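Right, one structure below, let's go through it.
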There are 4 protein chains.
Amino acid sequence: MKKCSTFTKMTKIRYGMVGGGLDSFIGGVHRAALSLDVRTALTCGCFSRDEVKNNECGEALGISEDNLYSDWREMARAEGAKGVDGIDFVCICTPNHIHYDVCKEFLLNGINVVCEKPLCFEIEQAKELCAIAKEKNLLFGVTYTYSGYNMVKVMKQMIQRGDIGRIISVNVEYPQDWLINELQRDDTVNPSVWRTNPKYTGIGNAVGDIGTHIENLVHYVTGLEINRLCATVDRYGKQLDYNDNILVEYTNGVHGNYWCSQVAAGRMNGLKIRIYGENGSLEWEQHFPDYVKFTRRGEAPQTLSRGCAYLDVEAAGGSRIPAGHPEGFYCAFANIYRNVVNALVEKKETGKADFDKYDFPKAEDGLGGVRFVHAVIYSGDHDSCWVKMSDFE
Amino acid sequence: MKKCSTFTKMTKIRYGMVGGGLDSFIGGVHRAALSLDVRTALTCGCFSRDEVKNNECGEALGISEDNLYSDWREMARAEGAKGVDGIDFVCICTPNHIHYDVCKEFLLNGINVVCEKPLCFEIEQAKELCAIAKEKNLLFGVTYTYSGYNMVKVMKQMIQRGDIGRIISVNVEYPQDWLINELQRDDTVNPSVWRTNPKYTGIGNAVGDIGTHIENLVHYVTGLEINRLCATVDRYGKQLDYNDNILVEYTNGVHGNYWCSQVAAGRMNGLKIRIYGENGSLEWEQHFPDYVKFTRRGEAPQTLSRGCAYLDVEAAGGSRIPAGHPEGFYCAFANIYRNVVNALVEKKETGKADFDKYDFPKAEDGLGGVRFVHAVIYSGDHDSCWVKMSDFE
Amino acid sequence: MKKCSTFTKMTKIRYGMVGGGLDSFIGGVHRAALSLDVRTALTCGCFSRDEVKNNECGEALGISEDNLYSDWREMARAEGAKGVDGIDFVCICTPNHIHYDVCKEFLLNGINVVCEKPLCFEIEQAKELCAIAKEKNLLFGVTYTYSGYNMVKVMKQMIQRGDIGRIISVNVEYPQDWLINELQRDDTVNPSVWRTNPKYTGIGNAVGDIGTHIENLVHYVTGLEINRLCATVDRYGKQLDYNDNILVEYTNGVHGNYWCSQVAAGRMNGLKIRIYGENGSLEWEQHFPDYVKFTRRGEAPQTLSRGCAYLDVEAAGGSRIPAGHPEGFYCAFANIYRNVVNALVEKKETGKADFDKYDFPKAEDGLGGVRFVHAVIYSGDHDSCWVKMSDFE
Amino acid sequence: MKKCSTFTKMTKIRYGMVGGGLDSFIGGVHRAALSLDVRTALTCGCFSRDEVKNNECGEALGISEDNLYSDWREMARAEGAKGVDGIDFVCICTPNHIHYDVCKEFLLNGINVVCEKPLCFEIEQAKELCAIAKEKNLLFGVTYTYSGYNMVKVMKQMIQRGDIGRIISVNVEYPQDWLINELQRDDTVNPSVWRTNPKYTGIGNAVGDIGTHIENLVHYVTGLEINRLCATVDRYGKQLDYNDNILVEYTNGVHGNYWCSQVAAGRMNGLKIRIYGENGSLEWEQHFPDYVKFTRRGEAPQTLSRGCAYLDVEAAGGSRIPAGHPEGFYCAFANIYRNVVNALVEKKETGKADFDKYDFPKAEDGLGGVRFVHAVIYSGDHDSCWVKMSDFE
């Protein structure tokens, strides 16, 4: 295992948070992940619209009264006005349906952004956010978790190096089962399950929540671009999709098979990616993220383990815990943030940075997710016809 | 575990074999499977077109010279002419492309047939064979292996009893990797790989060889009927398909996702079926056929084992070996034959039998496989369009 | 995979059976295993002391009245008297407590023997049987099943070739759970569970039934000889042992750790052997017998599969079914018998045979098992002291 | 899943650290674990004897110059002298051989202690530390990691509730392989591998490093106390043990079987505990810590998952991440610290606390580990004789 450089210098990065109060699971994940490396400090926040909750959270996190905002617009303007004394980036953990507004406001105030996925609901919105960030040379990260796992990065580099040869088949699934008790088989939307309600999730539910993880993961690991796709989208009445099968054709003519479901009894977060090439294959499961099944053509399958010396790609050096101990979910987030912070440090120290050379999911990946959701839902709504991605730009 | 009746009486069943000489793997499997239960005797055969090989095989198997035929047509006529003194059924293990001719000849001579899959290449041929068998009230079995595994039968009965509720999603894969070294990326057919040559396999290769096992297994276990399907069919030039993804819509609107491949490095016979219902799920893998993963909605997944007393469906009684010892491939064949033989015994003893009440794959299942292959290949050849099964009747 | 020679010629071998009637599981296994290769014919038998059952079994198996014996002593004498026209070997599937008597009678009548394990109860008996067989140059096989599995043979040859280097640690377990409901916690012997009754099992229960499989398997695979051992032997009152832990020290000073149990809830036949050497390790589980986990020092673990071309030891050629399809229990028995039959064919054709060059478990292995049981029980009865195997000769 | 209370109030806990500089793996783990819950602040430290390293670490962690100590004795006295304004506890991550001295110093200065395992080398030392802590009513935690995993706590409570009935057999292993390349087969100690050098590890290597984890985990989960044990201890010459098998007899007469190794090729941190009771069994592997295999007698094995609603013991509420996402190593540490901090908060707020009611490993557990090491090594040095734990008090 090569040692990867972690942080070049000890410049501290200040961040603020919108959403992510004490009762938000994902907010705590972002903070915990950022704390694993000693590079950042949370200096301000607007954690909840509820004033009491906002205050409680600020106090718990040691945010001084001055730095606790009741309005995220105010926070964006105030921190932006501080210039180099303001936050270096904002972490956005609000409900999905206001991602777009919050992101835009911070970008317009010149503040780098890291936003939870999905980036937003509409393609036009996503394109606009990408454009603003680019124009202002701002960093814009979108936290697609799974690209952060160390062994996912190892797979990506093995494929780049040619370890499995030309890819000839892709198979990915992401089954969950939590929605199975919530489905209403009549024509109505279950008001207590916000994820099946278009108001809060946009046009797609399962495809938006977990299908986009498949799309992003395949693109990250293989570099393949989807040319067209065809989808069966299962839903009850006006409720959103709960079980989707998606055939994809990449621009090079190779095919992929995606399945996502939230009604698969006994499967919890069963994300599994399998990539078959002319010279070998790679398989990875999110349940057991420290291991990759690797088979060279004609040889016996091997179980590669994170942290082992026989892994000879650079990414292997990013392992945090000795082989055989499980790293887990927080480390995946922390790995994304490690690269975000490295990029921000370069920018802070040099005044500029080429964000593209840093390995973290960006606004363009968020845009890719939004386009994917629209294409899948369109296909499902039109008799599962094949649709070209170029019609969703 | 309830004890299932095995054989009602000890009437012996005589059979002959066409093909299946000493260098045929599958011929040996049929004979071994039949020998596991003490009900049958091999009394005649036409094992090879090569006279030397035919003689060697006959001698090894203890077939007297009188009962060793050099021509299967002659065998069909001679055994048919013997009436009740002739064979009770013929087992056909020839190359696929003559299945139709051999089956037809034996049926026309009034002899019950068990034929390897695929039954034949053309839908019309399959329908004709079904019709002849029905008209003459002859038993016609087609050895789709996987429905013979004891735990597959247990799953079928659990679903029938309602253990997983209404089915809402089906996911089945059958990856292999043996073809990966044989593919010719130019436009030609590899002459040494007969399975990619239409002359010997009909129009489909992977779909015919293993895709039909998926189709049959789902139908057997769930009873679902395909309404329409859409397929990506990967091939090189004039060679036959090596990797297929198939979305299916059953007649009740539920969707299934099938993947078969012969170029998936590291997968050998990775048949895996997963059936999700509103109240639970069932998963089975051919590699480890004695186990089923069963999850009731909201409960922890269970690993059911063949042969255990907690299995309370009738099929569980068909277990042959104590729980924890592996039964394997021969037992699956033997389980199919157990029911074939029971049906033939009833027919022999009573002069008639309702074959439908016996659990073994029949000519109609073979017909279903031929229709499936044609539909998949048609879709693949027509830009992966959706095709209705009713257009392939 | 090298092709192994199967049978050199087609000489038929005739065998008789003692015990193993229609309601005996193991009798059916022996017959099925013998039928998988087309080399043997069952020509006579004494299947049950119960005349009705004996007759039924004889009829079912096609044994003519002349060849159905009501007394195994008579069978031994009659078949022995026939000389070359009698049976070539007898298969003994009686209850354990008469193994010794039956084996001895057939040996004394000049008939080769294959006997189920345990060979007998007392060390002196076992030595006597070995001596008679040797003196009369008779084949004497004892069916320790697990050495028959193809991948066990592959492991043995890999170790012989040095693939894992010098062995430094051995860990083997064989947990079952069937006895857990039968234990009587008072001081009495449960009369309905013959396996806990010394009359029928000798002095050891779990150690005799499954512990001896561990002892035999380690010896077969590694060649290691036990110098001394120390055991905790759990029992209730006068009943026999149900859970045993055994530390062993081999003659070269290396240590092994054995555990066998019949009260381990959820474990059915969990035989698992793990052998660690200075250059690598091998692990095998009986549940999934077609696979071996192989790790070279410093490399990723590999999952070797039976039947694959990358297995380059001679034993790999003995695979019967294509890789990825499960062979199972019958094949393990058939593999033992394949070598027994090869040895008998050589003897029949040449008038003599060096049985030692054939790979099947022999009377000496049976003796090793009896010694092991006595040593373990002695240790358990003497405060788990260390005992030397040389005191059990 | 019941919701567990996490923190009752938001009292902040201040801690200092001895050892655990930037190049110490375990120091970073302690800090990361403490940061996952927002209850503590690192306020001072003495991270390295090397002044440059100590300064670098202090700067990186935001420790002001005043609070960065070059001498841990000075730190103990200074912080002790501050009384309620000093640190609430010290976290000791130094090399093992100075644990005793550092612990004692902080205790004597009235400071609560959390120390890495092993607590110290000698039984007398461990007893002394226990006595001082008790006399001064100081909290004394020892970070045996594995008792922190959520599903380990679930198992413990299931056993307490009687889910598997009376325990009848225990089987635990902890194989690693990192030492396999370092062994020197001559008579010398490898100077580059400090873990085999008695100066740095005390008398035991494998048994001290990982064997004690087995001992602690069994005691934690089952409550069983060892009465006597017998061990094979493999070593080369003057080097320390690398592979140990240990039979234990608990005070209730039940037996356990422990195996720890650092030369088991292909095993990285393969800690696996299996507990068999009269009514069921529980199995857990450290590689996949979110899952427990649970079998009720006579039922199919279940795979319990952390975070699922069907887990109805209180401990289940301590889950941090949704079911199906992996928690990992940091969470195990954080779970230990959660209870340490709860205890310290109670003490800080009320002036006293009954530490025994809080679930974290304590100095007495550290003492238990030291006694276990001495007993195992004694047995190994005395022909693997049985030794009574009462002789190691």
**Prompt:** List pairs: first in the stretch B:245-257 and at pLDDT 95 or above, second of a type in the set (F, W, Y), Cβ under 6 Å, 6+ apart or cross-chain?
**Reply:** B:N245/B:W259; B:I246/B:Y258; B:N257/A:W259
**Cross-chain or 6+ apart pairs with Cβ under 6 Å, the stretch D:354-378 first and touching a residue at least 12 places away in the same chain (Cβ under 8 Å), then buried (at least 24 other Cβ atoms within 10 Å of the Cβ) and among the charged types (D, E, K, R)** = D:F372/D:E215
**Request:** Give the stretch D:294-314 a look and list any residue that's buried (at least 20 other Cβ atoms within 10 Å of the Cβ) and in contact with a Gly (Cβ under 6 Å, 6 or more places away or on another chain), or say none.
**Result:** D:T295, D:P301
**Asked** When residues of the stretch A:28-72 are filtered for being within 17 Å of D:A33 (Cα to Cα), part of a helix (DSSP H, G or I) and touching a residue at least 40 places away in the same chain (Cβ under 8 Å), how many remain?
**Response** 6
**Asked** Within the group C:G62, C:G86, which residue is under 15 Å from C:Y15 (Cβ atoms), surrounded by fewer than 17 Cβ atoms within 10 Å (Cβ to Cβ) and more than 22 Å from the chain's Cα centre (by Cα)?
**Response** C:G62
**Request:** Return yes or no: is D:G298 outside any loop (DSSP other than H, G, I, E, B) and under 18 Å from B:E299 (Cα atoms)?
**Result:** no
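Do we have A:A315 as outside the structural domain of A:Y220 (by TED's automatic domain parsing), within 30 Å of A:F25 (Cβ to Cβ), under 19 Å from the mean Cα position of the chain (by Cα) and of a type outside the set (S, T, N, Q) here?
It is false that A:A315 is outside the structural domain of A:Y220 (by TED's automatic domain parsing), within 30 Å of A:F25 (Cβ to Cβ), under 19 Å from the mean Cα position of the chain (by Cα) and of a type outside the set (S, T, N, Q).
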**Complete:** Wholly inside the stretch B:88-181, helices (runs of 4 or more DSSP H) that include 1 or more residues that are within 14 Å of chain A (Cβ to nearest Cβ) and within 30 Å of A:A265 (Cα to Cα) are B:150-161
**Considering residues of the stretch A:262-285 that are among the polar types (S, T, N, Q) and over 22 Å from A:D241 (Cα atoms) only, the residue nearest to the other protein chains (Cβ to nearest Cβ)** = A:S281
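Within 8 Å of chain C (Cβ to nearest Cβ) and not in a strand (DSSP E or B) - does that describe any residue in the stretch B:312-321?
So far as the stretch B:312-321 goes, yes, one or more of its residues are within 8 Å of chain C (Cβ to nearest Cβ) and not in a strand (DSSP E or B).
Go over the candidates D:G141, D:G165 one by one and state the one that is of a type in the set (G, A, S) and surrounded by fewer than 20 Cβ atoms within 10 Å (Cβ to Cβ).
Answer to the selection: D:G165.
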**Message:** I'm trying to understand the selection: among the residues of the stretch B:286-310, which are under 25 Å from the mean Cα position of the chain (by Cα) and either under 20 Å from C:G266 (Cα atoms) or more than 7 Å from every other protein chain (Cβ to nearest Cβ) (or both)?
**Reply:** B:Q286, B:F288, B:P289, B:D290, B:Y291, B:V292, B:K293, B:F294, B:L304, B:S305, B:R306, B:G307
**Asked** Can you name every residue in the stretch D:213-271 that is hydroxyl-bearing (S, T, Y) and surrounded by fewer than 24 Cβ atoms within 10 Å (Cβ to Cβ)?
**Response** D:Y220, D:T222, D:Y236, D:Y250, D:T251
**Request:** Determine if the stretch A:362-383 includes at least one residue that is away from chain D (no Cβ under 14 Å), under 18 Å from the mean Cα position of the chain (by Cα) and not in a helix (DSSP H, G or I).
**Result:** yes
**Asked** If you scan the stretch A:211-247, which residues turn out to be out of contact with any Asp or Glu (no Cβ under 9 Å at 6 or more places or on another chain) and either under 18 Å from A:W178 (Cα atoms) or polar (S, T, N, Q) (or both)?
**Response** A:T212, A:H213, A:T222, A:L240
**Message:** Can you say whether D:Y200 is under 19 Å from the mean Cα position of the chain (by Cα), part of a helix (DSSP H, G or I), modelled with pLDDT under 95 and of a type in the set (F, W, Y), as far as the supplied structure shows?
**Reply:** yes
**Item:** Hits in the stretch C:344-358 (condition: surrounded by fewer than 24 Cβ atoms within 10 Å (Cβ to Cβ) and either within 13 Å of another protein chain (Cβ to nearest Cβ) or within 21 Å of the chain's Cα centre (by Cα) (or both))
**Value:** C:D354, C:F355, C:D356, C:K357, C:Y358
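The values are calculated or read from the model by the stated rules, or taken from the named source; none is laboratory data. Note that the coordinates shown come from a computational prediction; the quantities given were computed from them, not determined experimentally. Quick reminder, even Gly has a Cβ in these numbers, built from the backbone with ideal geometry, and neighbours come from all protein chains shown.
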